[in-house]
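Reading through the structure tokens given below for one structure.
The values are calculated or read from the model by the stated rules, or taken from the named source; none is laboratory data. Everything numeric here is computed off the predicted structure, so don't read it as measured data. We place every Cβ from the backbone using ideal geometry, glycine too, and count neighbours over all the protein chains shown. Heavy atoms of the whole protein, side chains included, go into the accessibility calculation; ligands, DNA and RNA do not. Shrake-Rupley method; radii C 1.70, N 1.55, O 1.52, S 1.80 Å.
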Amino acid sequence: MKADASPLHVLIIGAGFGGLAAARELARGNVRVTLIDQRNHHLFQPLLYQVATAGLSPADIAAPIRSIVRRHKNVQVLLDTVIDVDPGERRVLLASRRTVRFDRLIVATGARHSYFGRDDWEQHAPGIKSIDDATTVRRKVLLALELAETEPDPLRRQALLTFVVVGGGPTGVEMAGAIAELARRSVSGDFRSITPHCSRVLLVEAGPRLLASFPPRLSDKAGKALESLGVTVMTDKRVSAITETYIDIGGIRVPTHSVVWAAGVRASDAAAWLGVEADRAGRVIVGPDLSVPGLPGAYAIGDTASFTDGAGRCLPGIAPVAKQQGRHVAHQILRGRAIPFRYRDYGNLATIGRHRAVIDFGWLRMSGVLAWFVWTTAHIFFLAGFRNRLLVGANWLWNYLTFERGARLITGGDAPIHGESK
């Protein structure tokens, strides 16, 4: 702590899982906290795919940051974008041209999509990391269905009804299953010329199996569950081209207007701001206590940090890691001493459609309906705000009983998909 009576000023960049966890913990101490984010809401990213497939509305999985921390009077929220950090002078420069000084800095700026050097693919294959991303994907999928309803050309109609998800991790698996249910079951009663067997959903993975972080047995279970939903699983296949009208998978050209990217992420520009070493994904390489080497009082957490545990494993960019790291850094700051971080792994979860999931707790591995109920309960519990939990729980129950997609709205976007008339 500082020698004088004025409280320590802790600046947190990013109000994701890690940043909010740190702010809430720090709010208990005699410190002043400033929380900066370029959006006014905290987003529950694990359920973004539900927004992208019209299962939930954006308001169901987001909450205003100010409302989350309103009881913590020593926490100030700034809506702004950090464009540079001066660690030596202990200050950050904001897009509004304001400067904010700090005594301690926590960088929790998250990650964006990585197209592995093919950034030109992004305009044709959006990922889902924000509400804007999710509503863009939702628009593409729903517009494709609307256009296919009256398309007389059978080849173009088939292209409109072909949906491709690239990436076989949890996000890709969840996305493919949700699109399959939307395109093959939920909309079949609303459209007159689209039947459940008209649509194709492809899930493409460059590796030998889906869900590489899960045991092989659960990966197989997930693949079979997807196939039962009508998803074609393509492993050991690499994408070589993505355009407005087709995707090239392992040398095979597949006509489609709807490609969703779930194959990789890259960190924010935090390492460049701080002038420190980064790993191949752009994450700041941190020390055992999550501090930034060479910058006293600066820490990086969550997707921004590259942390290797005692077993030599680099921790994944998932919500439990970010939350534990946020609380850990806050404890260090309040106690005024370095403490090595140890991650407590509670396991992996992934859902496949309406009532299937796979769970790996280490000591317990399961799949099927029971796993889906565990997955659902866990996600509802961790939503920010009691109102959000009620809404999501009610929506999921309704969807489960009726196959309805209550958020099936086409909104935003000036650029039409290929062939769309204004």
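Ordering Asp84, Asp236 by accessible area with a probe of 1.4 Å, largest first, what comes out?
Asp236, Asp84
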Overall dimensions of the chain by Cα: Rg and Dmax, Å: 22.3, 77
The range 248-355: C-alpha gyration tensor shape, a/c 1.5 cut-off, then a/b vs b/c: prolate
Rg/Rh (Cα only; Kirkwood hydrodynamic radius) as it applies to the range 89-216: 1.14
Mean Cα-pair separation over length for the chain, i.e. relative contact order, pairs under 8 Å, 6 or more apart, %: 20 percent
Sum of side-chain charges, Met366 neighbourhood, beta-carbon under 13 Å (Lys, Arg +1; Asp, Glu -1): +3
Karplus-derived 3J(HN,Hα), 6.51/-1.76/1.60, for each residue of the range 100-106, Hz, glycine and proline x: 10, 8, 8, 9, 10, 10, 10
Beta bridges by DSSP in the range 329-375, antiparallel share as percent, to the nearest 5: 100 percent
Within straight-line cross-link reach of Lys129, aspartates and glutamates at Cα separation under 19 Å, skipping those fewer than 8 residues along the same chain: Asp37, Asp60, Asp80, Asp119, Asp120, Glu174, Asp269, Asp303
Taking only Cα atoms of the range 141-291, radius of gyration then Dmax in Å: 18.6, 62
Relative contact order for the range 208-304, counting Cα pairs under 8 Å that sit 6 or more residues apart, in percent: 13 percent
The range 1-61: mean projected area of Cα convex hull, nm²: 4.9 nm²
Calculated FRET efficiency for the pair Arg98/Ala212, C-beta based, R₀ 56 Å, to 0.05: 0.80
Taking all pairs of distinct alpha-carbon atoms in the range 33-152, Kirkwood radius in angstrom: 17.2 Å
At most 13 other Cβ within 10 Å, DSSP loop - trypsin sites (Lys or Arg not before Pro), the range 108-138: Arg118
Under 17 Å from Lys73, Cα to Cα: aspartates and glutamates that are on another chain or at least 8 residues apart: Glu25
Degrees, to the nearest 10: 319-335 long Cα axis against longest axis of the chain: 10 degrees
Qualifying aspartates and glutamates (Cα of each under 13 Å from Cα of Lys221; at least 8 residues distant if same chain): Asp360
Cα-based helix-to-principal-axis angle, 369-381 vs the chain, degrees rounded to 10: 40 degrees
Helix axis angle, 386-402 relative to the chain longest principal axis, alpha carbon, degrees: 10 degrees
